[in-house]
1. Residue check, Gln204 against (1) surrounded by fewer than 18 Cβ atoms within 10 Å (Cβ to Cβ); (2) part of a loop (DSSP other than H, G, I, E, B); (3) within 10 Å of the ligand (Cβ to nearest atom), all met but one. Which one?
2. Looking only at helices (runs of 4 or more DSSP H) that lie completely in the stretch 239-323, which have at least 3 residues being surrounded by fewer than 15 Cβ atoms within 10 Å (Cβ to Cβ) and free of Cβ contacts under 8 Å to residues at least 60 places away in the same chain?
3. Determine the pairs where a residue that is among the β-branched types (Val, Ile, Thr), located within the stretch 73-90, has a partner that is surrounded by 17 or more Cβ atoms within 10 Å (Cβ to Cβ) and assigned to a helix (DSSP H, G or I) with Cβ atoms under 7 Å apart, the partner being 6 or more residues away or on another chain.
4. Which ones in the stretch 233-278 are among the hydrophobic types (A, V, I, L, M, F, W, C) and away from the ligand (no atom under 13 Å from the Cβ)?
5. Can you name the number of the only condition in (1) among the aliphatic types (A, V, I, L, M); (2) surrounded by fewer than 16 Cβ atoms within 10 Å (Cβ to Cβ); (3) under 28 Å from the mean Cα position of the chain (by Cα) that Met195 fails?
6. Assess whether Gly110 counts as being touching a residue at least 24 places away in the same chain (Cβ under 8 Å) and in a loop (DSSP other than H, G, I, E, B).
Amino acid sequence: MFAADEATLGSLEDRMAETRQDKKLLSDDDEDVEQIIQLGQALIHAILEGQPTSAIQVIIDAGAPLWFQDDDGWSPLHAAASVQNDALMQLLLEEGAVWNQTDNLGNTAGDIALSLDNEPCYRRIRDAGIRSELLLQLLSSRGGFEGDSLVLKSTDTSAFASTDAFLSSKLRYTKDKNGQAICLLESEGNEVGVMMGWEREIMQETVRRLCADREDSAGGPKVLNVGFGLGIIDTFFQGLPTPPSLHVIIEPHPDVLQYMRSEGWYEKAGVKILEGKWQDFIESDALMGLGGFDAVYTDTFSEDYEALNRFFAHVPKLLAGPSSRFSFFNGLGATNAVFYDVYTRLSELHLSDLGIDVEWEDVDVAEAQGVDRWGKTREYFAMRLYRLPIGKRNVST
Ligand SMILES: C[S@@+](CC[C@H](N)C(=O)[O-])C[C@H]1O[C@@H](n2cnc3c(N)ncnc32)[C@H](O)[C@@H]1O
């Protein structure tokens, strides 16, 4: 084994010496970059060739960058996932490999493990993702740190990811060529659906799960919904066999409020509209003075996971009692299966810390995906299965 290590290192040194000869005209900086590239490529080759771990360790110790990506965007972790070497993946992650690097086709190493149906390798990457996101969140909560997090902090200041920019943008209510209702936002030449009709089934199932098996002797449920959009979920709440006794809707966007007015929402019995962001009301008498809710739902726009996690912190005191339920639109990270899984687990862990147990139900949205759902708008949900969360207070807390 040691001979193999020496041979590997020897041939690597030979190759680097040759490179140095060839690149006499390069500056020191260029040479450093060249050397890093050589080492990165050597590492990926060694993994793909199935070299023993000890030989790979030698290349890493020689300074091979774990973050290196070749012309196809493959990193050492992608290579290890493709040869299905779980122990090697563990080593690479311990040495600092980046779990969420995507190749030129948008696949992470986790996607490769998933495509090979290799559960241990997949879990290895996913769990590294969860640990990394939890750590970044902890650092950011201690002040000032803005790491390269997948979902915790968005640095995008366009209307897609900044509440202030979103609230001053124009929204358009329309139908696409398939008759799908959409609420559209145009920003910097791009279009994105703030809410799209294909989510109807998700909203319907969410209301069903939030309000199932309720004792309606005391009238309909007290409901809180954050973010009106197309009003799909609010329409399902109103359509319950016993409509809500109180239905509070928090909504800040002037165009959405105008749409709600035109659709008669301000006149509906039991409906109370709080004009503003949830952040404006969450500690106010206007909301908290209404007592606890039987069902709480949140589905905002242009907010990142950090904002959602801040909302989570208020959920225990928003819920009326142990049988009250909470749900949220589980859509962050949903353009990639691994990111979606990491994000889903992360929210489960954070809610559990708050004494909320989550049950997940898979809703198959493939049929809705069959039609030309996105048109020219930016795709924000690429999964076949939507993972629907239903949270309840953990009775032992
Ligand atoms: C995706 S839509 C909600 C769709 C809704 N679930 C439905 O069934 O049609 C998001 C809504 O959240 C609103 N919103 C954005 N930021 C918000 C905030 N901080 N507080 C409350 N609502 C917000 C947006 O104006 C928009 O109307």
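1. Result: Gln204 fails condition (2) only.
2. 254-262, 285-288
3. Listed pairs, sorted by first residue: Val83/Ile47.
4. The answer is Leu240, Leu246, Ala269, Val271.
5. Result: Met195 passes all but (2).
6. Judged against the criteria, Gly110 is not a match.
A quick yes/no check of all residues on (1) more than 21 Å from Asp304 (Cβ to Cβ); (2) touching a strand residue (DSSP E or B) at 6+ places or on another chain (Cβ under 6 Å):
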{"site": "Ile250", "(1), (2)": "no, yes"}
{"site": "Glu263", "(1), (2)": "yes, no"}
{"site": "Glu275", "(1), (2)": "yes, no"}
{"site": "Asp280", "(1), (2)": "no, no"}
{"site": "Ser284", "(1), (2)": "yes, no"}
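Read-outs: derived from the displayed coordinates by stated rules, not from any lab. This structure is a prediction, so every number in the text was calculated from the model and none was measured. Methodologically, a virtual Cβ is constructed for each residue, glycine included, from the backbone with ideal geometry; neighbour enumeration extends over all protein chains shown.
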